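Below is one structure, written out as structure tokens, with a few remarks after it.
The values are calculated or read from the model by the stated rules, or taken from the named source; none is laboratory data. Quantities reported herein were computed from a predicted structural model and do not represent experimental measurements. Cβ atoms come from the backbone with ideal geometry, glycine included; neighbour counts cover every protein chain shown. Note: areas computed on protein heavy atoms with side chains; ligands, DNA, RNA excluded. Shrake-Rupley method; radii C 1.70, N 1.55, O 1.52, S 1.80 Å.
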Amino acid sequence: VWESFIDHPAWFRKAVHFIGADDPENFDNNHGPAFIDECFASIRRSGGYFYLHSGGYHGAMRGQYRYLNGVFRCGQVNALMALTDIGPGDGGTMVIPGSHKSNFAHPQSIGRDPMPMDDVEGAIEVHLNAGDVLLFCDGITHGGSSRTNPDGERRVVIYRYGPSWAATRRSRSSE
């Protein structure tokens, strides 16, 4: 069932567009328009959060956001699919709008250990219904709010797409 979502028409063409692989100058006919850097499930029960990470300032090359001459060139685009409803208290994904374009560290991240997104100024929580997909450039500052609901689980599947010419973080020799 997970393979059927790899190139799902609801988001795959958009992911390919934002990594720049639908641009003929960037398309690699030998490897296809994109590859999956990672695909994993995240299941969280009560407690915990995902700390603030990424952003344009000192971001990894794979998470870069670039728009030049009418073409996007994002190093990695995430499709986060909710398998359960995610509302208040469910530990939803949080983002800081515009942070993927920033050349400055978020003021609350300077000199601090990783912190919960709940406490970060400007972060917004994204609520999803089961089956919804959140598509975003990995370069945006993001994380997950604290899961405070005592019942149920937050279940998501994340597909991370990159341009076909890029290398995975994982060794390809293990394939």
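Conditions (1) open to solvent by 70 Å² or more (accessible area, probe 1.4 Å); (2) of a type in the set (S, T, N, Q); (3) at pLDDT 75 or above, marked per residue:
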position	(1), (2), (3)
Ala15	no, no, yes
Phe27	yes, no, no
His31	yes, no, no
Gly56	no, no, no
Met61	yes, no, no
Tyr67	yes, no, yes
Met94	no, no, yes
Check: Filtering the stretch 33-54 down to residues that are among the aromatic types (Phe, Trp, Tyr) and open to solvent by 60 Å² or more (accessible area, probe 1.4 Å), which residue is modelled with the highest pLDDT?
Finding: Phe40
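Mind checking which strands (runs of 3 or more DSSP E) fall wholly inside the stretch 115-169 and carry at least 1 residues that are surrounded by fewer than 21 Cβ atoms within 10 Å (Cβ to Cβ)? Break it down into steps so the answer makes sense when it comes.
Working: elements: 133-137, 142-144, 154-163.
The qualifying strands (runs of 3 or more DSSP E) are 133-137, 154-163.
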Next item on the list: Filter the stretch 126-163 down to residues that are more than 26 Å from Glu3 (Cα to Cα) and modelled with pLDDT of 95 or more, then give me how many there are.
Entry: 0
